[in-house]
Amino acid sequence: MKTKEDSPIVTLKEVKSNAKVRALIDGANALLLAMGYTEHGHRHVGVVSSITRYILEKLAAEPREVELGMIAAYLHDIGNVVNRIDHPISGGVIAFNILDEMGMPSAEIAKVIGAIGNHEELAGQPISLIGAAMIIADKSDVHRSRVQNPIMETFDIHDRVNYAVERSRVEVDTQAQTIALELQIDTGFATVMEYFEIFLSRMVMCRRSAQFFGYRFVLNVNSVALE
């Protein structure tokens, strides 16, 4: 007798093409747009998914772990469709129902929703390989393309800081055992101090996530290393 655990492997491609997933991510971004937040839609989750894959592949993770990390990353902000507050928890519940419906084995669902439920700095922590990689990927997506407010004169500090970042890149050095976030910031829009004002707790979480791998987290701003 065939059991659910024998079901076909669920892939990122299938998750991305799932109509419910697409609608809920659209709804999550629409909610945050109404609240004045930066972009949290398909662009953001796609970028986070790609960076998560890069980190996990550089760390020589098993291919299925890489795939699960990418799936977790693509679904990590889906809970914002309910509310910004506690969105990792609601997102984990939503992801469970979707992945269960798609036939993903329970053991794999557990890894995905554990990563989703622990990706925010207020209550989360790196609890797994895919969770730690996803945290770094999520917190590193700072860029002017995330600003949704079309009126520059009304930018708040989050808009200004994101708009100031002209380039953002994650680099994993397996020999030096470092994970670096390299930023190019136009200080005419926001200062480095303002970046730390809103992102310090996120950088601390990135440091803890890098330590989960036995690596050191490095922040490079305008070619200056800040550790």
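The values are calculated or read from the model by the stated rules, or taken from the named source; none is laboratory data. Because the structure is predicted, anything quoted here is derived from the model rather than measured. Glycine also receives a Cβ, built like all others from the backbone with ideal geometry; neighbour counts cover every protein chain displayed. The area values use the complete protein model at the heavy-atom level, side chains included, leaving out ligands, DNA and RNA. Shrake-Rupley method; radii C 1.70, N 1.55, O 1.52, S 1.80 Å.
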For this session: Using label points projected 7 Å from each Cα along Cα→Cβ, tell me how many nm separate LYS58 and ASP100, to one decimal.
Result: 3.6 nm
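Taking all protein chains in place and a 1.4 Å probe, what share, in percent, of the accessible surface of the stretch 111-227 do carbon and sulfur account for? Mind dumping the intermediate values first?
On the way: 2780 of 5460 Å².
Ligands and nucleic acids excluded, carbon and sulfur give 51 percent.
Using a Förster distance of 25 angstrom, determine the FRET efficiency expected from the C-beta separation of ALA110 and ARG216, and round it to 0.05.
Numbers: r = 29 Å, r/R0 = 1.17.
That gives a FRET efficiency of 0.30.
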For this session: Would you list, by chain and number, the aspartates and glutamates whose Cα falls below 19 Å from the Cα of LYS20, excluding same-chain residues fewer than 8 positions away?
Result: ASP77, ASP100, GLU101
For this session: Return one number: the angle in degrees, 0 to 90 and rounded to the nearest 10, between the long axis of the Cα atoms of helix 42-58 and the longest principal axis of the Cα atoms of the chain.
Result: 80 degrees
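Relative contact order of the stretch 106-171: what whole-number percent is it, with Cα pairs under 8 angstrom and at least 6 residues apart?
RCO, the stretch 106-171: 25 percent.
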For this session: Compute the long axis of helix 129-139 from its Cα atoms, compare it with the longest principal axis of the Cα atoms of the chain, and write down the angle in degrees, 0 to 90, nearest 10.
Result: 40 degrees
Seminar exercise, completed: Here the relative contact order (percent) of the stretch 61-148, from C-alpha pairs under 8 Å and at least 6 apart, is 28 percent
For this session: Pick out which of ASP141, ASP159, ASP186 has the largest mean-square fluctuation in a Gaussian network model of the chain, springs linking Cα atoms closer than 10 Å.
Result: ASP186
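Counting heavy atoms of the protein chains only and a 1.4 Å probe, report the per residue accessible area for the stretch 56-142 as a whole number of Å². Display every interim value, and only then the final one.
Details: 3100 Å² over 87 residues.
Result: 36 Å² of accessible area for each residue.
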Problem set entry | Relative contact order (percent, whole number), the chain, Cα cutoff 8 Å, 6+ residue spacing | 18 percent
For this session: Can you pull the one-decimal nm distance between simple spin-label points at ARG167 and SER17, each 7 Å off the Cα toward Cβ?
Result: 3.6 nm
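Write down the percent of antiparallel bridges among all DSSP beta bridges whose residues are both part of the chain, to the nearest 5. If you can, show how the numbers build up before the last one.
Working: 11 of 17 bridges.
Counting DSSP beta bridges with both partners in the chain, the antiparallel share is about 65 percent.
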Seminar exercise, completed: In deg cm²/dmol, rounded to the nearest 500, the helical mean residue ellipticity at 222 nm of the chain, built from -39500 (n - 2.57) for every DSSP H run of length 4 or more, is -17000 deg cm²/dmol
